[in-house]
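Since the structure comes first, as structure tokens, the remarks are kept for the end.
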Amino acid sequence: MSYSAFVVCNCYQKGKTAEPPHKEYIKFDEDGLYLDIPNGLWDKNQKKVLQMDSDFDNWKNNACEHEEMELCYEYLSNTLGMGEFREVIERLGGKEKFPILSKFLPNANGGTLPAEFAPEALKEIEEFEKQKLNENRILLFEISTNELKATVNAETYLIFVFTAYNKNNYGIDKDGFFILENAKENDQEVSYVVFRSMNFIQKYISKDKFQFTDKKTNNSFICNVGLHPHESNPKKEYEFFIKENTVRITDEYKYMTEPLKKLTKASMESGNPIHWC
């Protein structure tokens, strides 16, 4: 799952759009413009209502300079990235220092940050950016492309791949890359580390079979998901390594703070809430 967010524009209210179809049914609230068609009309002529919806959507997609009438739309992160950002907010003061972010950052798709809280949310983001703390990060790279595959705070761990039927999970921590094998014993779920390495080779065997081999010990394990980059002609083998790096917290979380600043400013400008999606 991933998280994005948007703020709707006010172009329709300001008369900056062409005349919409089915204007008599148009409503506007914190979700933006939409058709509020009576149930009776749907019961009477479903085909007509579907056509009305199609007409309105076509108009809305090209009604003003903003795509789908969104003043601002930003991708935020995947579930892991959002979880890490929420965790660092908690670690740096939580509700006492960042009450708006602590309360309104999403745990699931949907919901809003009301426009009345946007100025305070922006102040909290700017306060977060003033932090001069560093943290140690664990990073997993593929050597030939130097592609970063996963990263996590050195004090915790990250599970970033879930295989079919959740039989195996891949993760990283301060001791390196690891593969877990999940099983049920005595009606309880248990997990065993079946592979661990700081530097390993991934070898393609077949479509659903990849061999992971530690370069130091030559220990290996075969699993059904690979970590290789998404290339049109992938190689048979890829080499991965773990390294630790010290980073400034504010730099590490720009992926979240930069889009959040744009969204809060758009909310303040329009008076419309931020929608999590």
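The values are calculated or read from the model by the stated rules, or taken from the named source; none is laboratory data. Everything quoted here is computed from the prediction, not taken from an experiment. Every residue, glycine as well, gets a Cβ built from its backbone with ideal geometry; the counts of neighbours run over all protein chains shown. Accessible surface areas use protein heavy atoms only, side chains included; no ligands, DNA or RNA. Shrake-Rupley method; radii C 1.70, N 1.55, O 1.52, S 1.80 Å.
Could you tell me whether any residue of the stretch 16-32 is part of a loop (DSSP other than H, G, I, E, B), among the charged types (D, E, K, R) and modelled with pLDDT of 90 or more?
Yes, there is a match, as at least one residue in the stretch 16-32 is part of a loop (DSSP other than H, G, I, E, B), among the charged types (D, E, K, R) and modelled with pLDDT of 90 or more.
Scanning the stretch 42-83 for residues that are among the hydroxyl-bearing types (Ser, Thr, Tyr) and either surrounded by 13 or more Cβ atoms within 10 Å (Cβ to Cβ) or under 30 Å from residue 158 (Cβ atoms) (or both) yields 73, 75, 77, 79. Picking from residues in the stretch 237-265 that are under 30 Å from residue 222 (Cα atoms) and among the charged types (D, E, K, R), the one that is surrounded by the most Cβ atoms within 10 Å (Cβ to Cβ) is 239.
The numbered conditions (1) under 20 Å from residue 146 (Cβ atoms); (2) without any contact (Cβ under 8 Å) to a residue 60 or more places away in the chain are all true for residue 252 except (2). Can you name the residue in the stretch 88-106 that is without any contact (Cβ under 8 Å) to a residue 24 or more places away in the chain and open to solvent by 70 Å² or more (accessible area, probe 1.4 Å) and, of all such residues, is nearest to residue 10 (Cα to Cα)? That would be 103.
Is there a residue being open to solvent by 10 Å² or more (accessible area, probe 1.4 Å), under 30 Å from residue 228 (Cβ atoms), within 22 Å of the chain's Cα centre (by Cα) and acidic (Asp, Glu) anywhere in the stretch 114-134? Within the stretch 114-134, not a single residue is open to solvent by 10 Å² or more (accessible area, probe 1.4 Å), under 30 Å from residue 228 (Cβ atoms), within 22 Å of the chain's Cα centre (by Cα) and acidic (Asp, Glu). Of the numbered criteria (1) in contact with a Lys or Arg (Cβ under 7 Å, 6 or more places away or on another chain); (2) outside any strand (DSSP E or B); (3) touching a residue at least 24 places away in the same chain (Cβ under 8 Å), the one residue 68 fails is (3). Would you call residue 160 over 21 Å from residue 274 (Cβ atoms), touching a Lys or Arg at 6+ places or on another chain (Cβ under 7 Å) and either buried (at least 16 other Cβ atoms within 10 Å of the Cβ) or at pLDDT 90 or above (or both)? Answer is no for this residue. Residues that are touching a helix residue (DSSP H, G or I) at 6+ places or on another chain (Cβ under 8 Å) and either assigned to a loop (DSSP other than H, G, I, E, B) or open to solvent by less than 40 Å² (accessible area, probe 1.4 Å) (or both) are absent from the stretch 183-190 altogether.
Which count do you get for residues in the stretch 39-64 that are assigned to a loop (DSSP other than H, G, I, E, B), out of contact with any Phe, Trp or Tyr (no Cβ under 8 Å at 6 or more places or on another chain) and closer than 27 Å to residue 17 by Cα?
1
If we keep just the residues of the stretch 1-27 that are in contact with a Ser or Thr (Cβ under 9 Å, 6 or more places away or on another chain) and β-branched (Val, Ile, Thr), which is nearest to residue 261 (Cα to Cα)? The residue in question is 7.
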